[in-house]
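A short worksheet on the structure shown next.
The values are calculated or read from the model by the stated rules, or taken from the named source; none is laboratory data. As the structure is a computational prediction, the values presented were derived from the model and not from experiment. Here the Cβ is made from the backbone with ideal geometry for all residues, glycine too, and neighbour counts use every protein chain on show.
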Amino acid sequence: FLRYRIIQLKRNKFAKIIIGTIIILLLLLALYIRSENLQNSHESSNYSHSRFSNQAPVFHDQTLGNFEQATSTNKPGPGEKGEPHHVPSDRENEALQSLSEYGMNMACSDDISLNRTIPDHRMDECKYWSYPEELPRTSIIIVFHNEGWSSLLRTVHSILNRTPPQFLEEILLVDDFSNKENLKKKLEYYIERFNGKVRLIRNSEREGLIRTRSKGALNARGEIILFLDAHCEVGYNWLPPLIAPIARDRKIMTVPVIDGIDHNTWEYRPVYEKDHFFRGIFEWGMLYKEIEIPAIEERKRTYKSEPYKSPTHAGGLFAMDRNYFLELGAYDPGLLVWGGENFELSFKIWQCGGSIEWVPCSRVGHVYRGFMPYNFGELGKKVKGPLITYNYKRVIETWFDNKHKEFFYTREPLARYLDMGDISEQVKLKDKLKCKDFSWFMDNVAYDVYTKFPELPPNLHWGELRNVGKTTCLDTRGHQPPALVGLELCHGQGNNQLFRLNTKGQLGVGERCIFADRQNVKLVVCPLGTVDGPWQYELTNKLLLHTITRKCLSAHPLSDQVILTPCDSNNANQQWVFKPIVPS
Ligand code: UD2
Ligand code: MN
């Protein structure tokens, strides 16, 4: 009996251990499943509009896409089909006057129908995508300051003509304190015909385009916000491909392909051939650049008409989830008027968990002006140095790491001494949103920047380059490359007289380089992907040696040109001094 009891006890004990282990395992499994679920629901509330989630666009080879419009029959007229229009010669004066007032030929624009047709430059594939029937509604925000009447309204008309109405919440016009009579007095009346689809709000003082856009976003009623400049024409079925990706993942910003509209003839020109795909990058002076998409990104797509990732964007035209834009703090409110906001938003999106996609099937035309017809007003007077440098400095001081900041200050040496206002709120936001650092962005997103703009070696010397003999300064005269450089009175302002010589012998000015052959000394586009050059400065005898020809940079004895001549350290025309420019 005793033996039996012992065996039973042993068995019981054994069974208890097994049952206990099973219960513990089951509990652990339940906990794991629960935490997975929590994570998923957290992700879905964060990443997609639950109502629209998981509806991917579908490609059918033969079936026309669900939102393709029948191409409208065309009335003949000036500028129709995006053809160039030439203003009759008796209105030449009007044309010239408007060109100087608006940076675009308004006499030409006024002749062209607000409802004109434009060519369809999309890839053929684009016509065969079907998009979800249910998509979030969009507020299209157009900020403007003293824009031309007909070009502003053609933007509005083109949207109403070529956008499926069920996705268009409103067109929100935001007037940045224009002082032109027609914009001030007539616009309210004009838009009445659109029965509330087009709304107008106004600033009570000049805010600049950046703050005005943030204000537009705050006032918008749509779930999605989409910004356009006030001189655009949207293409066929341009909207669904922009909003479908955002409906699936609210942290995606989408960007259309931006075609060109000639500011003189209003000719509509595709920006590039159908199967070339570019994306937005930057050089170290923060100039916006585009580059063909790297093979790695190409391999991620099944169809060439599908969206692809881009490190940044040009600035003017893009769509986003409105709440996501506001969660990111909208644009940095410290940015002034114009410029750099495209980088601020791009870095913020990528580094804080979102992404940017360029959408080949969405095309929008934009009028690139001949020059900027407005000034920066009172805001521009507030800052020391160029306003754009102020903006860039805010952006790089917030989003770059030390290594990359140094590339900016190497390329823009004056910027180190200029102010940027207070960025503490921006830095706080970056911490709060737990954003990744800039090296992560460079390594994982913008890795192709280095192929065109490698890491910059430090400057050995920078400043204005004074010729001892002539007491004048080397100057690009503001010409576009390739162009001769020459000597001008030293003005101490930098700009066309701000030269840099780096440790690898490159003599640069802005984003350009100084190149010399036996005949000429020229301003050229720096060879992409290189940071070196042939120049060597000898501090003791002040000679600037061109190491390829073994000659020296010299002021022409009889003119204000510069040439290469056999080196002679006793010739004052060959002696140069880098004089640092430090802003007062
Ligand atoms: C580009 C962008 C522009 C903006 C800018 C940098 C494109 C096609 N355009 O220059 O959208 O990102 O780079 O900041 O990518 N405006 C105001 N208030 C102002 C100045 C301008 O409301 O104080 C309006 C202006 O009427 C226009 C828009 O802002 O509708 C953009 O200005 P722009 O067309 O002069 O800029 P753009 O195209 O040279
Ligand atoms: Mn513009």
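Do we find a residue being surrounded by fewer than 22 Cβ atoms within 10 Å (Cβ to Cβ) and in a strand (DSSP E or B) anywhere in the range 344-356?
Yes, some residue in the range 344-356 is surrounded by fewer than 22 Cβ atoms within 10 Å (Cβ to Cβ) and in a strand (DSSP E or B).
A quick yes/no check of all residues on (1) out of contact with any Phe, Trp or Tyr (no Cβ under 9 Å at 6 or more places or on another chain); (2) crowded, with 20+ Cβ neighbours inside 10 Å; (3) closer than 14 Å to GLY486 by Cα:
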position	(1), (2), (3)
ARG518	yes, no, no
LEU523	no, yes, yes
LEU528	no, no, no
GLY533	no, yes, no
ASN541	yes, no, no
SER554	yes, yes, yes
VAL562	yes, yes, yes
ALA572	yes, no, no
PRO583	no, no, no
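Report every pair of residues separated by at least 6 positions or lying on different chains whose Cβ atoms are under 9 Å apart, first residue within the range 219-231 and farther than 8 Å from ILE141 by Cβ, second more than 14 Å from ligand 1 (Cβ to nearest atom) and modelled with pLDDT under 95.
GLU223/HIS49
Of all residues in the range 432-456, which are touching a Cys at 6+ places or on another chain (Cβ under 6 Å) and over 16 Å from ILE396 (Cα atoms)? Give the derivation first.
Going through the range 432-456, the residues touching a Cys at 6+ places or on another chain (Cβ under 6 Å) turn out to be 433, 435.
The answer is LEU433, and nothing else.
In the range 214-268, what residues are charged (D, E, K, R) and within 15 Å of ligand 2 (Cβ to nearest atom)? If you could, list the steps in order and put the result at the bottom.
Taking the range 214-268 and keeping what is charged (D, E, K, R), we get 215, 221, 223, 229, 233, 248-251, 259, 262, 267.
ASP229, GLU233, ASP259, ASP262, listed by residue number.
Considering only residues that are more than 19 Å from the chain's Cα centre (by Cα) and not in a helix (DSSP H, G or I), which ones fall in the range 212-226?
ALA220, ARG221, GLY222, GLU223, ILE224
Condition test on VAL485, is it buried (at least 18 other Cβ atoms within 10 Å of the Cβ) and closer than 27 Å to PRO454 by Cα?
On the way: buried (at least 18 other Cβ atoms within 10 Å of the Cβ): yes; closer than 27 Å to PRO454 by Cα: yes.
So VAL485 fits the description; yes.
So, in the range 195-216, how many residues would count as being more than 12 Å from ligand 1 (Cβ to nearest atom) and crowded, with 21+ Cβ neighbours inside 10 Å?
1
Determine, yes or no, whether GLU344 is under 30 Å from TYR131 (Cα atoms), modelled with pLDDT of 95 or more, touching a helix residue (DSSP H, G or I) at 6+ places or on another chain (Cβ under 8 Å) and among the charged types (D, E, K, R). Break it down into steps so the answer makes sense when it comes.
Details: under 30 Å from TYR131 (Cα atoms): no; modelled with pLDDT of 95 or more: yes; touching a helix residue (DSSP H, G or I) at 6+ places or on another chain (Cβ under 8 Å): yes; among the charged types (D, E, K, R): yes.
So GLU344 fails the test.
Scan the range 103-117 and tell me whether some residue there is touching a His at 6+ places or on another chain (Cβ under 9 Å), under 22 Å from ARG206 (Cβ atoms) and touching a residue at least 40 places away in the same chain (Cβ under 8 Å).
Yes, that holds for at least one residue.
Suppose we filter the range 130-170 for residues that are crowded, with 24+ Cβ neighbours inside 10 Å, in contact with a Ser or Thr (Cβ under 9 Å, 6 or more places away or on another chain) and either closer than 30 Å to GLN62 by Cα or without any contact (Cβ under 8 Å) to a residue 40 or more places away in the chain (or both); how many remain?
Here the count works out to 1.
Of all residues in the range 121-157, which are of a type in the set (S, T, N, Q) and out of contact with any Gly (no Cβ under 7 Å at 6 or more places or on another chain)? Working first, answer last.
So in the range 121-157, the residues of a type in the set (S, T, N, Q) come out as 130, 138-139, 146, 150-151, 155.
Selection gives ASN146, SER150, SER151, THR155.
Checking GLY494 against (1) crowded, with 18+ Cβ neighbours inside 10 Å; (2) on the phi < 0 side of the Ramachandran plot: exactly one of these is not met. Which one?
(2)
Could you list all residues from the range 519-538 that are without any contact (Cβ under 8 Å) to a residue 60 or more places away in the chain and out of contact with any Lys or Arg (no Cβ under 8 Å at 6 or more places or on another chain)?
Correct list: GLN519, ASN520, VAL521, LYS522, PRO527, PRO534, TRP535, GLN536, GLU538.
From GLU341, GLU412, grab the single residue that is surrounded by 20 or more Cβ atoms within 10 Å (Cβ to Cβ), of a type in the set (Asp, Glu), within 16 Å of ligand 2 (Cβ to nearest atom) and touching a residue at least 60 places away in the same chain (Cβ under 8 Å).
On the way: GLU412 fails: within 16 Å of ligand 2 (Cβ to nearest atom).
Testing whether each residue is surrounded by 20 or more Cβ atoms within 10 Å (Cβ to Cβ), of a type in the set (Asp, Glu), within 16 Å of ligand 2 (Cβ to nearest atom) and touching a residue at least 60 places away in the same chain (Cβ under 8 Å) leaves just GLU341.
At pLDDT 95 or above and away from ligand 1 (no atom under 16 Å from the Cβ) - does that describe any residue in the range 364-383?
no
Please list, ordered by residue number, the strands (runs of 3 or more DSSP E) wholly in the range 111-211 having 3 or more residues that are within 26 Å of PHE371 (Cα to Cα). So that I can check it myself, show each step before the final result.
Numbers: elements: 138-144, 168-175, 198-202.
Output list reads 138-144, 168-175.
When the range 259-285 is examined, which residues are found to be within 17 Å of SER346 (Cα to Cα) and in contact with a Lys or Arg (Cβ under 8 Å, 6 or more places away or on another chain)? First the steps, then the outcome.
We begin by selecting, within the range 259-285, every residue within 17 Å of SER346 (Cα to Cα); these are 278-285.
Once the filter is applied, which keeps residues that are within 17 Å of SER346 (Cα to Cα) and in contact with a Lys or Arg (Cβ under 8 Å, 6 or more places away or on another chain), the range 259-285 yields ARG279, GLY280, ILE281, PHE282, GLU283, TRP284, GLY285.
Pairs, please: C-beta under 8 Å, at least 6 apart or cross-chain, first residue under 28 Å from ASP259 (Cβ atoms) and in the range 366-387, second away from ligand 2 (no atom under 16 Å from the Cβ) and small (Gly, Ala, Ser)?
Listed by first residue and then by second, the contacts come to PRO373/SER100.
Out of the strands (runs of 3 or more DSSP E) lying entirely within the range 447-535, which hold 3 or more residues that are in contact with a Pro (Cβ under 7 Å, 6 or more places away or on another chain)?
Values: elements: 459-467, 473-475, 486-488, 499-502, 507-509, 512-516, 521-525.
Because the criterion is at least 3 residues that are in contact with a Pro (Cβ under 7 Å, 6 or more places away or on another chain), the strands (runs of 3 or more DSSP E) in the range 447-535 that meet it are 459-467, 521-525.
Just wondering, is there one or more residues in the range 47-54 that are at pLDDT below 95, out of contact with any Lys or Arg (no Cβ under 8 Å at 6 or more places or on another chain) and not in a loop (DSSP other than H, G, I, E, B)?
So the first thing to find is which residues in the range 47-54 are at pLDDT below 95, and the list is 47-54.
Still in the list and also out of contact with any Lys or Arg (no Cβ under 8 Å at 6 or more places or on another chain): 50-51.
Now restrict to residues that are not in a loop (DSSP other than H, G, I, E, B): 50-51.
Within the range 47-54, one or more residues are at pLDDT below 95, out of contact with any Lys or Arg (no Cβ under 8 Å at 6 or more places or on another chain) and not in a loop (DSSP other than H, G, I, E, B).
Return the residues of the range 539-560 that are closer than 22 Å to TRP462 by Cβ and either without any contact (Cβ under 8 Å) to a residue 12 or more places away in the chain or among the hydrophobic types (A, V, I, L, M, F, W, C) (or both); say none if nothing qualifies.
Start the filter on the range 539-560 by keeping residues that are closer than 22 Å to TRP462 by Cβ, which leaves 539-547, 552-555.
Result: LEU539, THR540, LEU543, LEU544, LEU545, CYS552, LEU553, ALA555.
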